[in-house]
Amino acid sequence: MYTIKVGEKSFDIQVKGNVVKVDGKVLEFNIVHLENNRHHLLLANKSYTLEVVKYDTQEKKAQIKVNNLDVEVSVKTAMDLLLTEMGLNNSHNNIARDVGAPMPGLILDVVVSEGDEVKKGDKLLVLEAMKMENIIKSPGDGKIKSISVSKGQSVDSGQKLILFE
């Protein structure tokens, strides 16, 4: 499953063979590689010429010409969405995001306080899960806005633990 953002619109996409589901609607497609970064797409009985102008593999963003019209596309896999939801996204900027619990467990220690400035990699809290202590670190630089857990509290997977400004 993928979430594809085209301009300001987002679509949930599932692909199996030559069948694609777009937001739950089944469509058949055929794509043929023409030359270099050009392709011909037949989708729902409509013909499109696609040219990949630029693709950033780290950001998963592309600049594509669809019938000579420039379109910006970003792609997120189910894993990307899960990691973002848990606060563990592999963002390439150094700005802190909200932090979620990577797994269910028990909060053993909260090292930071609201208002603290932290750097990427700074220790935020300690989570015990499966009899192991897991140090949860800051995903980037930022200032802590709020902490929604305390020492001794049980947490669920994906539960928001710390919010950044």
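Of all residues in region 33-71, those that are over 17 Å from the mean Cα position of the chain (by Cα) and in contact (Cβ under 8 Å) with a residue 24 or more places away in the chain total 1. Filtering region 102-130 to residues that are within 24 Å of Ser154 (Cβ to Cβ), assigned to a loop (DSSP other than H, G, I, E, B) and modelled with pLDDT under 90 leaves Pro102, Met103, Met130.
To keep it simple, each residue is scored yes or no on (1) part of a strand (DSSP E or B); (2) in contact with a His (Cβ under 9 Å, 6 or more places away or on another chain); (3) surrounded by 15 or more Cβ atoms within 10 Å (Cβ to Cβ).
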{"position": "Gln14", "(1), (2), (3)": "yes, no, no"}
{"position": "Val20", "(1), (2), (3)": "yes, no, yes"}
{"position": "Val26", "(1), (2), (3)": "yes, no, no"}
{"position": "His40", "(1), (2), (3)": "yes, yes, no"}
{"position": "Val75", "(1), (2), (3)": "yes, no, yes"}
{"position": "Asp80", "(1), (2), (3)": "no, no, yes"}
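The values are calculated or read from the model by the stated rules, or taken from the named source; none is laboratory data. None of the values given here were measured: they were computed from a predicted structure. Please note: Cβ atoms are built from the backbone with ideal geometry, for glycine as well, and neighbour counts cover all protein chains shown.
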